[in-house]
1. Take segment 135-165 and flag every residue that is under 16 Å from the mean Cα position of the chain (by Cα) and more than 21 Å from residue 70 (Cβ to Cβ).
2. Which condition does residue 141 not pass, out of (1) in contact (Cβ under 8 Å) with a residue 60 or more places away in the chain; (2) among the aliphatic types (A, V, I, L, M); (3) touching a Phe, Trp or Tyr at 6+ places or on another chain (Cβ under 8 Å), if it passes all the others?
3. Residues of segment 253-279 being without any contact (Cβ under 8 Å) to a residue 40 or more places away in the chain and outside any loop (DSSP other than H, G, I, E, B), which ones?
4. Sort out for me the helices (runs of 4 or more DSSP H) sitting completely within segment 1-90 that have 3 or more residues that are touching a residue at least 60 places away in the same chain (Cβ under 8 Å).
5. Does segment 225-235 contain any residue that is assigned by TED's automatic domain parsing to the domain that holds residue 117, touching a residue at least 60 places away in the same chain (Cβ under 8 Å) and in contact with a helix residue (DSSP H, G or I) (Cβ under 7 Å, 6 or more places away or on another chain)?
6. For the structure I just gave you, tell me whether residue 142 is surrounded by 19 or more Cβ atoms within 10 Å (Cβ to Cβ), touching a Gly at 6+ places or on another chain (Cβ under 7 Å) and part of a helix (DSSP H, G or I).
7. I'm trying to understand the selection: among the residues of segment 112-134, which are free of Cβ contacts under 8 Å to residues at least 40 places away in the same chain and under 16 Å from the mean Cα position of the chain (by Cα)?
8. Do the conditions hold for residue 238, that is, is it among the polar types (S, T, N, Q), at pLDDT 95 or above and outside the structural domain of residue 78 (by TED's automatic domain parsing)?
Amino acid sequence: MSILITGATGYLGKKLINEFDNKNDRIILTYRNKKPKIHNRFILKKFDFFEKSKDSYNYLERPNTLIHLAWAGLNLRNYDSEIHINQINYHFDFIESLIKEGLKNLVVIGSCFEYGKYEGEIVENFESKPVTKYGEAKNMLRIKIENLQKKYDFNFSWLRLFYFYGGVMNDRDLWGNLSYAIELKKKTFNLSKGDQLRDYLHIDDVVKYIKNVSLKKKNIGILNICSNEPVSIIDLVNSWKVKYEWEIQIKTNMVPIKDYENNNFWGSNKKLKFILNNN
């Protein structure tokens with residue numbers, strides 16, 4: 001099987017590719033600018049889907065499966081930037097071009113931000129009510145791809161990632177900010193009130209789920225990638241302090257909760273468990 005992974009040089013992508021052993025599969029990775037230093041078992045292709053290409057499918061080694069991780073603008077730490085809306089058609093045109101030529105299995109990374117401000121456990125069949133440009137853009141792309149299935153025969157999985165931690169991440173989130181503060185040997189770290197409940201997975205679990213779902217080659221639709229284990233932010237941070245032996249004082253009620261975030265929410269993983277436990 002031939003598997004194409006976009007966004008392979010990003011935080012998630014670097015972890016995901018290590019899950020694949022190409023003894024039986026051909027793994028093709030795209031990069032936009034500088035060629036990454038990656039093991040030669042992977043096929044590297046310089047490619048920018050923001051630029052029109054007449055024959056992407058053949059150039060990218062005629063993949064059977066696409067795992068589309070790529071998304072621009074997340075490093076800006078601005079989930080309400082127009083950059084998210086402005087790139088929808090680039091992603092769609094790229095995906096459609098591959099499907100037209102024969103791609104049969106499509107896995108795209110979505111986000112829990114697509115749901116909007118629900119409280120409590122969130123199930124895949126909840127209506128999408130995004131309150132950020134990022135969530136809106138992701139959801140709009142999903143709808144456009146679903147409509148493609150009226151014209152073409154392909155399997156489609158849309159993976160809505162909840163929160164995750166671990167590894168070397170940029171500083172746009174809780175894990176990234178805290179680990180960076182540790183690296184700088186700061187004495188204190190400021191949190192919001194800390195009692196809000198969230199759903200976190202370790203990055204290693206996230207990429208395992210992405211890989212295993214992609215190998216199913218089924219028409220799964222929306223799928224939460226989550227733990228279904230709500231944890232308060234303060235308890236989570238304190239568990240990291242113990243696990244990684246971090247000596248830093250945590251100060252709560254120092255920063256406001258972001259407007260786009262719910263007070264308490266987590267994902268249902270019943271569908272995820274069913275998919276993984278059935279052929």
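1. 165
2. (1)
3. If the condition is that a residue be without any contact (Cβ under 8 Å) to a residue 40 or more places away in the chain and outside any loop (DSSP other than H, G, I, E, B), then 273, 274, 277 are the ones that fit.
4. Where helices (runs of 4 or more DSSP H) fall fully within segment 1-90 and carry at least 3 residues being touching a residue at least 60 places away in the same chain (Cβ under 8 Å), they are 11-17.
5. Within segment 225-235, one or more residues are assigned by TED's automatic domain parsing to the domain that holds residue 117, touching a residue at least 60 places away in the same chain (Cβ under 8 Å) and in contact with a helix residue (DSSP H, G or I) (Cβ under 7 Å, 6 or more places away or on another chain).
6. For residue 142, the condition - surrounded by 19 or more Cβ atoms within 10 Å (Cβ to Cβ), touching a Gly at 6+ places or on another chain (Cβ under 7 Å) and part of a helix (DSSP H, G or I) - is met.
7. Once the filter is applied, which keeps residues that are free of Cβ contacts under 8 Å to residues at least 40 places away in the same chain and under 16 Å from the mean Cα position of the chain (by Cα), segment 112-134 yields nothing.
8. Spelling it out, residue 238 is indeed among the polar types (S, T, N, Q), at pLDDT 95 or above and outside the structural domain of residue 78 (by TED's automatic domain parsing).
The values are calculated or read from the model by the stated rules, or taken from the named source; none is laboratory data. All values derive from a computational prediction rather than experimental measurement. When we count neighbours, we look across all protein chains shown, and the Cβ atoms used for this are built from the backbone with ideal geometry, even at glycine.
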